[in-house]
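The values are calculated or read from the model by the stated rules, or taken from the named source; none is laboratory data. For clarity, every value in this text was computed on a predicted model and none was experimentally measured. Cβ placement follows ideal geometry from the backbone for every residue including glycine, while neighbour counts extend to all protein chains displayed. Heads up: the accessible areas ignore ligands, DNA and RNA and are worked out on the full protein's heavy atoms, side chains in. Shrake-Rupley method; radii C 1.70, N 1.55, O 1.52, S 1.80 Å.
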Amino acid sequence: MLTQGQIQIIIGLTLLILYSVSIVSLVLVVLLENRNPLKTIPWVVVLLFLPGVGLILYFVFGQDNRRQRIISRRTYKRIMQPLQSDIVKQDRCKAPDIYQPLVRLLNRGKRNPLLYGSDITCYNNGVEKFDALMEAIGNAKHHIHLQYYIFADDEIGRKVKKMLIEKAGEGVEVRVLYDDVGSWDVKNRFFQEMRAAGIEVHSFLRVFFPIFSSKVNYRNHRKIVVIDGVIGFMGGMNIADRYVKGATWGPWRDLHFKIEGKGVHGLQSAFLIDWYVASKLLIRGKAYYPDEKIFGDNIMQIVTSGPVGPWRNYLQAVTFSIANAKKYVYIQTPYFLPTDALNQALQTVALGGVDVRLMLPKNSDTRTANLASHSFLDDMVKAGVKIYFYHDGFLHSKLLLIDDLLTSIGSANIDFRSFEHNFEINAFVYQESFAHQMKKHFLDDMNQHCERLIPAKWLKRSIFKRIAESFMRLFSPLL
């Protein structure tokens, strides 16, 4: 007969064997998924060297949901049909020849058609953006569709909420979509007050038990507003005081855009797809895609990306665009954690004589990501990339400019999270005048608010700083 001590030893050995088998099995799963080695190695290290904690981290952050389909092809086609059937004639809507492959890449499966004749207004601070947004909401007659990663319960958030409630009281259809994790610290009563006033409110990919849920790693980072189908907003700003009052170390520098014209139809379709995912309600009808006037010769594609489906279309588009640059590439991003392919593309064009300029914040809201970002800069400066640190506050702008022909604006950063984990939305704009406008914005920031990284000085920074940066780089796919 076994003693109590022997029984405890057997139970302990059994649990150890079961845990070891689980860890080995998960390591095999990670390996068999054939992910990028840069992502595989960190997870193997975490699983092997962080017993227990590594297992939890993998289930929360490590699972690959790219093969999952969160919306059926049939439903997607029904939502997109108004947009696909209302494209302007292609003889009036042709992007520059060099970008025809890019247009086809982004329009794979007729998901992101060319949209002609929009007008774009740029806001580079929160005061201008929220003034324009509140004015547009105040003038709404039929519907207001509002989607944000963060909808904060602060001064700005309460002002927007109050106006939405007033418009709902006037009979305007108001729908609000927020990210469950991005707005995790907002009490439910904040949104319940809107529901009580007749506003339809839903959270995206709600996480009931965060510690056991893989959904926590896949967030909706989009910022979309559509007013009556004729005015839209997109960009980098959420609804929160920080965009007006700034960070603790200075102003918050960001970009947001108002779109009028056909581009709004692209924002509308993106919102309605996410709305269906969150609410299971299919919204259709001519009222949501009214006839649009032509404002000029602007051509754009509204592009959504996310952690579902076989292709990383935003990453592919950015890499393709940079690799085909002839004169210059200008980038503003708060976080710089490029994939190996994008890293090589930037260095290659710089070595080929293209003027590549990268603008990053000197001080970041995320120290770990900032350290990892800096580890990529050594090879950049050696290849001839010019690095600028924005020092007057926090730079949160997301901007890509190429050759006075192509501009990419929207919600996506140049990092693994935007490329692989987040649901993002960007506009690829094919118009010289808009490129010139945004180039002036970039150069003004560069000349007035930045200090240039001096390669000789940068490459001599302390060994301890380099070790810290290199260590955090190991985890850059997970940040």
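A few remarks follow.
- Residues of region 336-369 that are open to solvent by 30 Å² or more (accessible area, probe 1.4 Å) and touching a Ser or Thr at 6+ places or on another chain (Cβ under 7 Å): Ala341 alone.
- Within region 458-474, considering residues that are open to solvent by less than 100 Å² (accessible area, probe 1.4 Å) and not hydrophobic (A, V, I, L, M, F, W, C), the one farthest from Asp254 (Cα to Cα): Ser462
- Against the test of being hydrophobic (A, V, I, L, M, F, W, C), in contact (Cβ under 8 Å) with a residue 12 or more places away in the chain and under 22 Å from Glu469 (Cβ atoms), the options Phe423, Phe394 yield a single qualifying residue, Phe394.
- Subset of region 258-280 (residues that are touching a residue at least 24 places away in the same chain (Cβ under 8 Å), part of a loop (DSSP other than H, G, I, E, B) and open to solvent by 10 Å² or more (accessible area, probe 1.4 Å)): Lys262
- Output for region 441-457, where each listed residue is at pLDDT below 95 and surrounded by 14 or more Cβ atoms within 10 Å (Cβ to Cβ): Leu453, Pro455
- Among the residues listed as Phe419, Phe442, the single one being among the aromatic types (Phe, Trp, Tyr) and within 10 Å of the chain's Cα centre (by Cα): Phe419
- Condition met for Val318 (farther than 29 Å from Phe464 by Cα, open to solvent by 10 Å² or more (accessible area, probe 1.4 Å) and either touching a strand residue (DSSP E or B) at 6+ places or on another chain (Cβ under 7 Å) or touching a residue at least 12 places away in the same chain (Cβ under 8 Å) (or both)): no
- Of the set (1) open to solvent by 10 Å² or more (accessible area, probe 1.4 Å); (2) farther than 25 Å from His221 by Cα; (3) not β-branched (Val, Ile, Thr), all apply to Leu377 but (1).
- Pairs are defined by a Cβ separation below 7 Å, a sequence spacing of at least 6 or placement on different chains, a first member in region 117-145 that is within 30 Å of His436 (Cβ to Cβ), and a second member that is small (Gly, Ala, Ser) and not in a loop (DSSP other than H, G, I, E, B); the pairs so defined are Ser118/Gly263; Tyr123/Ala132.
- Taking the criterion of being open to solvent by 10 Å² or more (accessible area, probe 1.4 Å) and out of contact with any Phe, Trp or Tyr (no Cβ under 7 Å at 6 or more places or on another chain), the only residue of region 401-416 that qualifies is Asp404.
- Meets criteria (within 23 Å of Ala369 (Cβ to Cβ) and touching a strand residue (DSSP E or B) at 6+ places or on another chain (Cβ under 8 Å)) for His265: no
- Whichever residue in region 303-317 is under 13 Å from the mean Cα position of the chain (by Cα) and not aromatic (Phe, Trp, Tyr) and, among such residues, is nearest to Asp378 (Cα to Cα): Leu315
- Scanning region 386-399 for residues that are open to solvent by 10 Å² or more (accessible area, probe 1.4 Å) and hydrophobic (A, V, I, L, M, F, W, C) yields one hit, Phe389.
- Output for region 321-345, where each listed residue is in a helix (DSSP H, G or I) and over 20 Å from the mean Cα position of the chain (by Cα): Ala323, Gln344, Ala345
- Of the residues Val172, Val176, the single one that is open to solvent by less than 30 Å² (accessible area, probe 1.4 Å), free of Cβ contacts under 8 Å to residues at least 60 places away in the same chain and within 16 Å of Leu267 (Cβ to Cβ) is Val176.
- Test set (1) open to solvent by 20 Å² or more (accessible area, probe 1.4 Å); (2) under 16 Å from Tyr99 (Cβ atoms); (3) assigned to a helix (DSSP H, G or I); (4) not polar (S, T, N, Q) - Asp297 fails condition number: (3)
- Glu128 being open to solvent by 60 Å² or more (accessible area, probe 1.4 Å), within 26 Å of the chain's Cα centre (by Cα) and within 20 Å of Gly410 (Cβ to Cβ): yes
- Screening Ala136, Ala95 for residues that are assigned to a loop (DSSP other than H, G, I, E, B), small (Gly, Ala, Ser) and either open to solvent by less than 40 Å² (accessible area, probe 1.4 Å) or at pLDDT 95 or above (or both) leaves exactly one candidate, Ala95.
- Filtered residue count, region 357-368, keeping only those that are assigned to a helix (DSSP H, G or I) and basic (Lys, Arg): 1
- Every condition in (1) charged (D, E, K, R); (2) open to solvent by 10 Å² or more (accessible area, probe 1.4 Å); (3) modelled with pLDDT of 95 or more holds for Arg206 except the one numbered (3).
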